[in-house]
Amino acid sequence: MKRQLGLAGLFLVSLQSYASPNSDLISQGEYLARAADCMACHTQDSAKPYAGGVKFELPIGTLYSTNISPDKQHGIGDYSEAQFSRAVREGVAKNGQRLYPAMPYNAYAKLSDQDIHPLYTYFMQGVKAVDQPNRDNDIPWYLAARWPLRIWNAINAPHPVDSSPSSEQSDPLKRGAWLVEGPGHCGACHTPRGWMMQEKGLTAASKSYLSGAEIEGWYAPSLRQLPYDAAQTALILKSGHNATSAVTGPMSSVITHSTQYLTDSDAQAIGLYLHSIRIESNQQTLALQVSMTDPDKNYLRYCSTCHGKEGQGTPNVIPSLHHNLLVTADNPASLIRVIADGAKTPQTLGQFSWSMPGYHHTLDDQQLAELTNYVRGRFAGKHDKVTASQVSTILSSH
Ligand code: HEC
Ligand code: HEC
Ligand code: HEC
């Protein structure tokens, strides 16, 4: 049987070649850094890899990623391996400060000690030091205190760091799970977030995990309902397209910097794993029924998760649809716009803003009209009907 040279293979090779142990460790670390896409978030200027400065718009302000090149003054050149490990897997910087979860340490917690060692070696010896100071974050002082992150971590970060030698997994399903949940941090974009911005589930044990989420004005679809098999998934991860689909937006950057470098067997392992955690349910039939215009199902599918089956909402966070001024209004224009384009509460002192996704990309004008009619009828007793052409007129007038 042909040996598939994944990380496990590289690891064995590194044990065997006494001549230049570090170059093997370095390439093993580089492979991991790519699988973990450290580049995407830590490189603003491609001429200065890992020098940081990438901007993150958080609900509380603007954060910039830091320089993780081995520069001693501005980078992480004087991080010990233990300090590096703590930053990457637990979200605690060298100076003891908690890192914002924009750095996906809750996923990286799945890296084992045997992964951290080559990763650290790569950053210290395989990356060029870049003398670029970190940018100050633009977060108002009253929100900049990092201590609440300790509480956030206590609630949301998976605890004890898993030190099993994950890189030696030979079972493709386990390997795939580890790549997706761990270094690949696919959930950072594909898992919906809860009210504290935490991912609703870090493993397939949760139904929300990878079930699709809005991210930076994009929708990262459910990875548990991919309309193609493991081989086609591997293909899209390596090349950005496959027989029936192609990616764009944030996913193309993931592919450019990260998944295209996966070995064929690792890409295939991801495909197998995603296939194994499919939520079969009757989503397919549900989708059919939905396109057969059943507004009741559309309400359950798209609105009830937040507004509740009875439209009651969550006090102070999610508006109730009963007595809502937009729903009871004679003119349905704002309601249509909210359903189509979403809505966002203003950001105020110490308060995250809450937002609702828009459904213009999911529902066509006819479905939007029927859903609008359903919401108005059910929650406001309004029985005049909005038509698809009214919806289209409203949405084209800005
Ligand atoms: C999704 C974006 C993202 C990815 C991917 C990412 N980081 Fe980060 N990282 C950040 C952000 C943002 C910060 C700054 C957080 C803060 O200031 O609280 C950070 C901070 C750090 C720090 C602390 C640095 C310091 O100045 O003390 C280290 C070390 C680090 N990252 C290493 C890595 C490594 C290694 C990888 C890949 C295994 C990686 N990061 C992947 C976003 C990311
Ligand atoms: C930075 C955010 C981000 C991360 C991280 C991310 N994705 Fe995506 N992904 C997206 C978005 C947005 C889309 C939808 C864009 C598209 O399909 O063109 C997408 C689409 C996809 C698709 C569907 C392509 C299609 O249209 O058929 C697959 C498969 C996929 N991602 C797999 C993964 C896997 C596996 C990982 C982890 C290794 C991952 N993604 C990590 C944002 C992300
Ligand atoms: C991810 C959670 C979420 C989902 C799903 C969701 N909403 Fe909302 N919705 C919110 C939040 C949060 C607000 C408050 C935002 C605002 O109004 O600024 C809101 C506001 C509204 C409002 C009031 C807007 C206003 O400004 O008064 C209406 C009406 C509404 N949603 C209807 C719907 C309908 C219909 C659906 C299904 C198509 C839906 N929502 C799906 C979270 C959600």
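The values are calculated or read from the model by the stated rules, or taken from the named source; none is laboratory data. A quick note: this is a predicted structure, and the numbers were derived from the prediction, not measured. Please note: Cβ atoms are built from the backbone with ideal geometry, for glycine as well, and neighbour counts cover all protein chains shown.
Hey, could you check region 36-89 for residues that are β-branched (V, I, T) and more than 9 Å from ligand 1 (Cβ to nearest atom) and say which is modelled with the lowest pLDDT? The selected residue is I60.
Of all the listed residues (R175, R224), the sole one being outside any loop (DSSP other than H, G, I, E, B), more than 16 Å from ligand 3 (Cβ to nearest atom) and either modelled with pLDDT of 80 or more or surrounded by fewer than 18 Cβ atoms within 10 Å (Cβ to Cβ) (or both) is R175. Applying the criterion of being β-branched (V, I, T) and surrounded by 12 or more Cβ atoms within 10 Å (Cβ to Cβ) to the residues of region 128-151, the residue that is modelled with the highest pLDDT is V130. Of the residues making up region 287-302, at least one is of a type in the set (A, V, I, L, M, F, W, C), within 20 Å of L335 (Cα to Cα), at pLDDT 80 or above and surrounded by 13 or more Cβ atoms within 10 Å (Cβ to Cβ).
Selection over region 307-350 of residues that are modelled with pLDDT under 80, within 6 Å of ligand 3 (Cβ to nearest atom) and over 19 Å from G194 (Cβ atoms) gives a count of 2. Taken over region 176-190, the criterion of being farther than 18 Å from A33 by Cβ and more than 10 Å from ligand 2 (Cβ to nearest atom) is satisfied by A177 alone. Within region 371-385, being surrounded by 21 or more Cβ atoms within 10 Å (Cβ to Cβ) and closer than 14 Å to A340 by Cα holds for L371, T372, V375.
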